[in-house]
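The values are calculated or read from the model by the stated rules, or taken from the named source; none is laboratory data. Predicted model, so just to flag it, every value in this text is computed and none were measured. Cβ coordinates were reconstructed from backbone atoms using ideal geometry, including for glycine residues, and neighbour counts include every protein chain displayed.
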Amino acid sequence: MSVYKTCKVCNSSIKLINEKYNLGQCDNCKLIFCLTIFSQDEFIKVYDDLYNKNNTHYKLHSVVQYNMLLENRKIKIGFHRAKLLKKHVLNKKCNSVLEVGSGVGLIGSYIRKHNDKINYLGIEIDKEAFDKSQSLKLNTINGDFTVMDNIEETFDVIMLWEVLEHLQDLDLFIKLAHKKLNSGGKIILSVPNYDKIYNYPNREKDAIFQDLPPIHLNFFTKENIINVFKFNQFKDCKATIKKFPYINLKKIGFYQDFIKSFLNKYNGSTVYFVGKKQDN
């Protein structure tokens, strides 16, 4: 099996930081990523198992979302995503948006409900999720992110929600995103926060507290996600961390983490990022 010998984004030297899952960290941009290079057939099997087998948390998630959309219930997308969409998409300035990893159509439906004049296009790798988005009459394509190169139009905003961590060829994606953005266009996204490992001082060696390779391949912090996009000609890059833990009133750890968050001693679960295309 092939492995990366240098950083997949900036080609700098790397060091092994996690033997169990073969994770390396770039000495320059600080990106953390799985050094193993997986085949496309392996990815297809992984996502088929995740989305289409019974009792997986991914399938449960997609079923709940899809039923919510079918029943025309209030679309719940979360406070932080709603805030980013309001500022960068639903701002009466954005005319077109591309979503990579559009799933069953949760965000596409949300945008359509709030402003059906926005030209929305989604890309989804999983066939079953794609079919569901089609049944909702959303403008979506079944494929991986590389189909971006075959799309003629360009966009004011490109967005990904918990997707960037799955992309093996991260460098190619960022270059395609830059190519497909209009002048002054923005990329907005969320990813799991690798630094949440520090919430667990008694953790086992090499524990990472998110999906393991080959599901998650890239591991982001507030620092390295800014570095990665700046290296690829994005400017005005800003990253924020979800400050408070997810509500779980039945778990004593929730109250402890909530107090830590007020004292700025809690590493939130999610990184939210915005970057602007830097024109050549």
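Details
- Among residues of segment 22-51 that are touching a residue at least 60 places away in the same chain (Cβ under 8 Å) and under 14 Å from D144 (Cβ atoms), those with a Cβ under 7 angstrom from a residue that is surrounded by fewer than 18 Cβ atoms within 10 Å (Cβ to Cβ) and among the β-branched types (V, I, T), sequence gap 6+ or separate chain, pair up as V46/I215.
- Extreme residue, farthest from K222 (Cα to Cα), among residues of segment 21-59 that are outside any helix (DSSP H, G or I) and of a type in the set (V, I, T): T56
- Residue identified as surrounded by fewer than 20 Cβ atoms within 10 Å (Cβ to Cβ) and of a type in the set (S, T, N, Q) among S190, S183: S183
- Within segment 92-103, not a single residue is part of a helix (DSSP H, G or I), buried (at least 21 other Cβ atoms within 10 Å of the Cβ) and within 20 Å of the chain's Cα centre (by Cα).
- Of everything in segment 111-134 that is assigned to a helix (DSSP H, G or I) and in contact (Cβ under 8 Å) with a residue 40 or more places away in the chain, the residue that is nearest to L176 (Cα to Cα) is A129.
- Which numbered condition I215 misses (of (1) under 22 Å from E165 (Cβ atoms); (2) at pLDDT 95 or above; (3) surrounded by fewer than 17 Cβ atoms within 10 Å (Cβ to Cβ)): (2)
- Of all residues in segment 221-275 being among the basic types (K, R) and surrounded by fewer than 18 Cβ atoms within 10 Å (Cβ to Cβ), the one that is nearest to N182 (Cα to Cα): K235
- Every residue from segment 78-97 that is over 24 Å from Y246 (Cβ atoms), touching a helix residue (DSSP H, G or I) at 6+ places or on another chain (Cβ under 9 Å) and touching a residue at least 60 places away in the same chain (Cβ under 8 Å): V89, C94, V97
- Helices (runs of 4 or more DSSP H) (entirely within segment 169-280) containing at least 1 residues that are closer than 30 Å to E153 by Cβ: 170-180, 222-231
- Picking from residues in segment 135-166 that are assigned to a loop (DSSP other than H, G, I, E, B), surrounded by fewer than 20 Cβ atoms within 10 Å (Cβ to Cβ) and under 18 Å from the mean Cα position of the chain (by Cα), the one that is modelled with the lowest pLDDT is G143.
- The set of residues from segment 171-228 being among the polar types (S, T, N, Q) and under 29 Å from S261 (Cα atoms) comprises S190, N193, N199, N202, Q210, N218, T221, N224, N227.
- One residue alone among D171, D206, D195 is under 23 Å from G103 (Cα atoms), more than 13 Å from the chain's Cα centre (by Cα) and touching a residue at least 60 places away in the same chain (Cβ under 8 Å), and that residue is D171.
- Residue that is modelled with pLDDT under 95, surrounded by 13 or more Cβ atoms within 10 Å (Cβ to Cβ) and acidic (D, E), where the choices are D48, D41: D48
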